[in-house]
Amino acid sequence: MSHIFQRPPLLADERAALTGWLELQRKILRWKCEGVSDEDARRSVIPTSPLMTLAGLVAHMRWTEHTWLDVIFLGGDSSRNPAFDESADEDADWFTEGATLAQLLADYEAQCARSDEIVAAASLDDVARHPRQQASLRWILLHLIEETGRHAGHADLVRELVDGTKGYY
């Protein structure tokens with residue numbers, strides 16, 4: 001498994017660097033799912049973290065982007081996001097509810113496109129509208145880079161444990 005992804009330009013402006021690094025981490029996460037069956041995407045290979053499957057990672061990152069950009073930054077509706085359902089399991093955003101890996105990836109792709117629209121329409125200095133999370137868009141993007149990169153690394157290890165496939169971009 002090898003793939004060539006371009007890093008953001010070394011002399012990019014701040015917005016291009018932030019969005020470029022986020023997109024690179026997103027691509028790596030999606031790439032780690034290429035060629036994986038639905039059965040393998042749901043296979044739990046870490047006994048202490050049974051939800052950390054390839055499918056679970058994609059579902060979690062879809063809802064993470066929704067949480068930070070749609071709900072916290074824009075102050076939007078949280079009712080359909082399982083991370084905000086106080087009656088649900090605290091890890092509900094990792095649940096895949098029988099969706100195929102292709103559907104989970106499509107949902108993640110759609111959320112990423114929505115996130116990109118939100119970011120493009122705002123200043124990096126704009127502050128989140130959610131009353132309990134007064135973060136700038138800049139901070140949110142840095143957090144999403146960190147979280148997506150961390151989970152892309154998890155996906156790298158999970159994929160290797162699932163089928164032995166290794167690869168670095």
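The values are calculated or read from the model by the stated rules, or taken from the named source; none is laboratory data. As the structure is a computational prediction, the values presented were derived from the model and not from experiment. Cβ atoms come from the backbone with ideal geometry, glycine included; neighbour counts cover every protein chain shown.
So is L137 farther than 20 Å from V45 by Cα, surrounded by fewer than 20 Cβ atoms within 10 Å (Cβ to Cβ) and in contact (Cβ under 8 Å) with a residue 60 or more places away in the chain or not? Taking the combined requirement at face value, the residue does not satisfy it. Any residue in the range 74-83 that is in contact with a helix residue (DSSP H, G or I) (Cβ under 7 Å, 6 or more places away or on another chain), crowded, with 20+ Cβ neighbours inside 10 Å and of a type in the set (S, T, Y)? No: the range 74-83 contains no residue that is in contact with a helix residue (DSSP H, G or I) (Cβ under 7 Å, 6 or more places away or on another chain), crowded, with 20+ Cβ neighbours inside 10 Å and of a type in the set (S, T, Y). For the range 84-104: of the residues being among the hydrophobic types (A, V, I, L, M, F, W, C) and touching a helix residue (DSSP H, G or I) at 6+ places or on another chain (Cβ under 6 Å), which is farthest from V58 (Cα to Cα)? Among those that are among the hydrophobic types (A, V, I, L, M, F, W, C) and touching a helix residue (DSSP H, G or I) at 6+ places or on another chain (Cβ under 6 Å), it is A88. For E39, the conditions (1) outside any helix (DSSP H, G or I); (2) free of Cβ contacts under 8 Å to residues at least 40 places away in the same chain all hold with the exception of (1).
Per-residue answers, yes or no, for (1) crowded, with 21+ Cβ neighbours inside 10 Å; (2) in contact with an Asp or Glu (Cβ under 9 Å, 6 or more places away or on another chain):
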residue	(1), (2)
Q133	no, no
L141	yes, no
H154	no, no
G167	no, yes
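Listed by first and then second residue, the pairs linking a residue in the range 6-17 that is surrounded by 10 or more Cβ atoms within 10 Å (Cβ to Cβ) to a residue that is at pLDDT below 95, with Cβ atoms under 9 Å apart and 6 or more places separating them unless they lie on different chains, are A16/P8; A16/P9; A17/P8; A17/P9.
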